[in-house]
Each structure stands twice: as C-alpha cells, then as structure tokens.
Amino acid sequence: MKLGVHSLSPSIEAILIQSASMFFGFLLSFVLRSTLDHPPSIIFYVISQAAFAAFLTFLREMDWWWIAIQFLFPVLVPILLIVDISPTYYFCGFVVLTLIYWSIFRTQVPYFPSTSALLPAVLNLLPSDGIVRFVDIGSGLGGLLFRLSAIRKESSFVGIEIAPLPWIISYLRSWFAKSTVRFIFGSYERADLGEYDVVFAYLSPVAMPSLWLKAVAEMKPGALLLSYEFIIPDVEPDLCINIAGKEPFLYVWRI
Ligand SMILES: C[S@@+](CC[C@H](N)C(=O)[O-])C[C@H]1O[C@@H](n2cnc3c(N)ncnc32)[C@H](O)[C@@H]1O
C-alpha cells in the first residue's frame, strides 16, 4: 500500500471495490440479457466481475496481493457454494484466522515469521558482555527469541504479541521448554520501550512512522532499534545489514 494515496484502510477499500464490481456484474448481465438473443453463461459474468474488481484495485494502487485477492474472491464464492462444504468448516477456519490475525484491521501487521538467517546478524549486534534486555515487539510464535535466548542465556528476552493464538503458542512453548523467555499479551504501543537495550521489530511499513516516534520518546540513548525488512521513512538507519542473498535487510538505528 502506497502511503498517502489512501484515506481508507485497505480492507474497507477492498469491500467497497467488491460492492462496486458486484453492481457492475448485475448491470452487465442486465444489459446483455436484454440485448442479446444468446447471452453469455454465468461464468462470463463471474469472470467479468472478478476482472473488474482486480482492475479497480490496480487503479487504486493497492499492493499486488490485494489484486489477486480481489480477483479470486468473486470466483471462489460460487465455486465453494457448488462444492457445498459444511458451514462448520468455514466457522472453524474463521475462528482460527481471527485468533491469528486478530487486530490486523487496526495494526495492518499480519503474522509471518522472520527467517532463521537473521540470527547471526542480530547476535552480532548485541553487546558482547553483560545482561542485554531485548524485546521483540510483535513476537509471533517467538522463534527468534527462543533462538537468541539459547545462546545468550544470561540476558533477558521478552516478546509482546497482540494476537491471541500466536501469543498462547509462544507462551506454552516457553512453559514446556522451561525457557526464561517471557511473552506478554497485548500491544507494544502500551509498553515502555525505555526498559530495553534492544528493540526488535518485524512489522509493516504502516507501523514504522509511529514506532519511530515512540522509540525516540522512550528508548534510552545508546539503545538499539532493529527493524527487519521495513525502513522508517525519512530516518537514515545507522546500519543496513544484508542478511543473506535475496533476504530483506536488517536496519539498525542507535538512539
Ligand atoms: C511479521 S510478524 C513477526 C513475528 C516475529 N517477530 C518474527 O520475527 O518471526 C508480526 C507480528 O506482530 C504482531 N503485532 C502486530 N501489531 C502488534 C502490536 N501493536 N503489538 C504487538 N504485536 C503486534 C502480529 O500479530 C504478528 O504476529
């Protein structure tokens, strides 16, 4: 999503586009059925509606995956209706996805894990002696924190996660493994970043401007802010680390 082009959230914009394309589908069907002797089959209208939705999404300069979603949605709805899957499966899918993606409407930060190739780069950035207080804001399933704490046993590792299912999984992983990694359920927006020497973020472009304001207001001088993949607009990082091959960069700001 290009910042500044859109005033609505992408999900609302997507719903409006689907509504407009549904209207387009009805209009097309009305016109063709009343003018042609042999109007096209329902498949033609479904594909036309899907293509129209994808085209509007493209015109709105939304990200490529929105174009794919907007095309597939009108195509999949009739297919899944024909297949006649029990509503229980849809409900279970809905519950699981809600527990994973939770407040994505507000945060616009979905869950996807960072690569394990990140570990050496993050380890190299940690001060080599003494206890380091490290937080992963948006810790997902906690993979990075478990890997770090296995090597830096003396240090303190905390994960803050807003989505219930990833949080409960990471909490249970820590409990079963008798790990010292602590997982807090909630938004990092309510945490005090001044409690940490290193703040790690793997969020989204949308989250970065407000994260920077929070980091500058709360983090102690000399503390490190790390962001995997996403830059902070107009704030030059102190380091850009090439993780491996085509993997995204790790950006580092010293406060
Ligand atoms: C891209 S994933 C990164 C997961 C993990 N840090 C890693 O490196 O594998 C981003 C995570 O941040 C969480 N998240 C998004 N906004 C958040 C917020 N305001 N507070 C806490 N967690 C948040 C999401 O639920 C998601 O699990």
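Numbers for the structure displayed
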{"read-out": "Residues located in the range 228-246, provided they are more than 19 Å from G140 (Cα to Cα) and acidic (D, E)", "value": "D234, E236, D238"}
{"read-out": "Subset tally (residues that are exposed (fewer than 15 other Cβ atoms within 10 Å of the Cβ) and assigned to a helix (DSSP H, G or I)) for the range 28-52", "value": "8"}
{"read-out": "Residue within the range 145-156 that is surrounded by fewer than 18 Cβ atoms within 10 Å (Cβ to Cβ) and in contact with an Asp or Glu (Cβ under 6 Å, 6 or more places away or on another chain) present", "value": "no"}
{"read-out": "Test result for G25, on the phi < 0 side of the Ramachandran plot and either at pLDDT 90 or above or not aliphatic (A, V, I, L, M) (or both)", "value": "yes"}
{"read-out": "Every residue from the range 143-156 that is in contact with a Leu (Cβ under 8 Å, 6 or more places away or on another chain) and more than 12 Å from the ligand (Cβ to nearest atom)", "value": "I151, R152, S155"}
{"read-out": "Within the range 172-204, tally of residues that are out of contact with any helix residue (DSSP H, G or I) (no Cβ under 6 Å at 6 or more places or on another chain), more than 13 Å from D136 (Cβ to Cβ) and assigned to a helix (DSSP H, G or I)", "value": "7"}
{"read-out": "Helices (runs of 4 or more DSSP H) contained entirely in the range 56-108, each with at least 1 residues that are in contact with a helix residue (DSSP H, G or I) (Cβ under 6 Å, 6 or more places away or on another chain) and more than 20 Å from F23 (Cα to Cα)", "value": "87-101, 104-107"}
{"read-out": "First in the range 129-144 and farther than 19 Å from A223 by Cα and outside the structural domain of S187 (by TED's automatic domain parsing), second anywhere and within 10 Å of the ligand (Cβ to nearest atom) and in a helix (DSSP H, G or I), Cβ under 8 Å, 6 or more apart", "value": "none"}
{"read-out": "Residue count, the range 112-154 (criterion: farther than 18 Å from Y251 by Cα, hydroxyl-bearing (S, T, Y) and modelled with pLDDT of 95 or more)", "value": "1"}
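Each row is one residue, and each column tells you yes or no for (1) more than 8 Å from the ligand (Cβ to nearest atom); (2) buried (at least 16 other Cβ atoms within 10 Å of the Cβ); (3) within 20 Å of W167 (Cβ to Cβ).
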residue: W102; (1), (2), (3): no, yes, yes
residue: F105; (1), (2), (3): yes, no, yes
residue: P110; (1), (2), (3): no, no, yes
residue: S116; (1), (2), (3): yes, no, no
residue: N124; (1), (2), (3): yes, no, no
residue: P127; (1), (2), (3): yes, no, no
residue: F134; (1), (2), (3): yes, yes, yes
residue: L141; (1), (2), (3): no, yes, yes
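The values are calculated or read from the model by the stated rules, or taken from the named source; none is laboratory data. What you see is a predicted model, and the numbers here were worked out from it, not measured in a lab. Glycine gets a Cβ as well: all are built from the backbone with ideal geometry, and neighbour counts include every protein chain shown.
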